[in-house]
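Beneath this line is the structure, given in structure tokens, with notes to follow.
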Amino acid sequence: MEERQVLADVGTSAPEWDATQSRILDAADELIVRRGVHGLTIAELARRAGHSRPTVYRSWSDADDVVRAALLRRVAVILDRFPAHAATRSELVDDVLRFTALFRADAVYGRLLAEEPEAFTRYTLQRVGSSQRLILAWLATAIGSAQRGGSVRWGDPNEIAVMLLLIAQSAVLSHGTVSELLSEDSWERELRAALDGLVRP
């Protein structure tokens, strides 16, 4: 088995937020968890972060822009839990499943999935934003590595990454809907089979 490659530049990376921006995003996280995205206004955000509204507007154009930045930061934090790229099909599938578990357990994304699935859809499924591009770059790099090792079928790694993301996102979004039909173990087993089947040579 090939050793995992240490994470290198994947072509798409999360921005670096300064201390002021981080405090504002921390406040956004708290507001989303407590009230959802609809409860997030620039005025409330500034008040909770201890900054003025002009300070918030120096970095973001509106509340929606702040929400997208907050969600991007949450994805970046999750991806930081994967210090090395998968180098085989088995490792790739394991990592995607682990990512979905961390994603569902995340306080902000968990709140959206449980209480505001329409907001989750709007921010994650209706267009490919920065969060999705960060995930896609991570997946494509691992797919390329596993292809070179022979355990993942040939094809454009970026295209395969898109389909992997679509399968995982759909499974996560629909998890609650099918919870009476599939146990947690069954859901994970079937998702693993779907992911493995997509990339198997």
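The values are calculated or read from the model by the stated rules, or taken from the named source; none is laboratory data. Model, not experiment: these values are computed from the prediction. Positions of Cβ are generated from backbone atoms using ideal geometry, with glycine treated the same way; all protein chains shown enter the neighbour counts. Calculation scope for accessible area: heavy atoms of the full protein, side chains included, ligands and nucleic acids excluded. Shrake-Rupley method; radii C 1.70, N 1.55, O 1.52, S 1.80 Å.
Yes/no matrix, rows are residues, columns are (1) of a type in the set (Ser, Thr, Tyr); (2) over 14 Å from residue 173 (Cβ atoms):
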position: 82; (1), (2): no, yes
position: 86; (1), (2): no, yes
position: 95; (1), (2): no, yes
position: 103; (1), (2): no, no
position: 109; (1), (2): yes, no
position: 119; (1), (2): no, no
position: 136; (1), (2): no, yes
position: 147; (1), (2): no, yes
position: 159; (1), (2): no, yes
What single numbered condition from (1) closer than 20 Å to residue 130 by Cβ; (2) at pLDDT 95 or above; (3) under 20 Å from the mean Cα position of the chain (by Cα); (4) assigned to a helix (DSSP H, G or I) fails to hold for residue 57?
(3)
Which of the residues belonging to the range 128-148 are in contact (Cβ under 8 Å) with a residue 60 or more places away in the chain and outside any helix (DSSP H, G or I)?
129
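Collect the residues in the range 70-113 that are basic (Lys, Arg) and part of a helix (DSSP H, G or I), keeping them in residue-number order. It would help to see each step written out before you state the result.
Taking the range 70-113 and keeping what is basic (Lys, Arg), we get 73-74, 81, 89, 98, 104, 111.
The answer is 73, 74, 89, 98, 104, 111.
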Residues within the range 1-53 that are at pLDDT 95 or above, open to solvent by less than 50 Å² (accessible area, probe 1.4 Å) and part of a loop (DSSP other than H, G, I, E, B), tallied:
1
Determine, yes or no, whether residue 176 is surrounded by fewer than 16 Cβ atoms within 10 Å (Cβ to Cβ) and outside any helix (DSSP H, G or I).
yes
For the range 128-172, name all the residues that are within 30 Å of residue 114 (Cβ to Cβ), open to solvent by 50 Å² or more (accessible area, probe 1.4 Å) and not hydroxyl-bearing (Ser, Thr, Tyr).
128, 133, 162, 163, 166
Output the residues belonging to the range 114-127 that are part of a helix (DSSP H, G or I) and surrounded by fewer than 20 Cβ atoms within 10 Å (Cβ to Cβ).
114, 115, 117, 118, 119, 121, 122
Of all residues in the range 179-201, how many are among the acidic types (Asp, Glu), under 22 Å from residue 156 (Cα atoms) and open to solvent by 50 Å² or more (accessible area, probe 1.4 Å)?
0
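Looking only at the range 77-112, filter to residues that are closer than 15 Å to residue 67 by Cβ and in contact with a Lys or Arg (Cβ under 9 Å, 6 or more places away or on another chain); which one of those is surrounded by the most Cβ atoms within 10 Å (Cβ to Cβ)?
Keep residues of the range 77-112 that are closer than 15 Å to residue 67 by Cβ, which gives 106-109, 111-112.
Still in the running and in contact with a Lys or Arg (Cβ under 9 Å, 6 or more places away or on another chain): 106-109, 111.
On the way: 106: 19, 107: 11, 108: 20, 109: 22, 111: 19.
This residue is 109.
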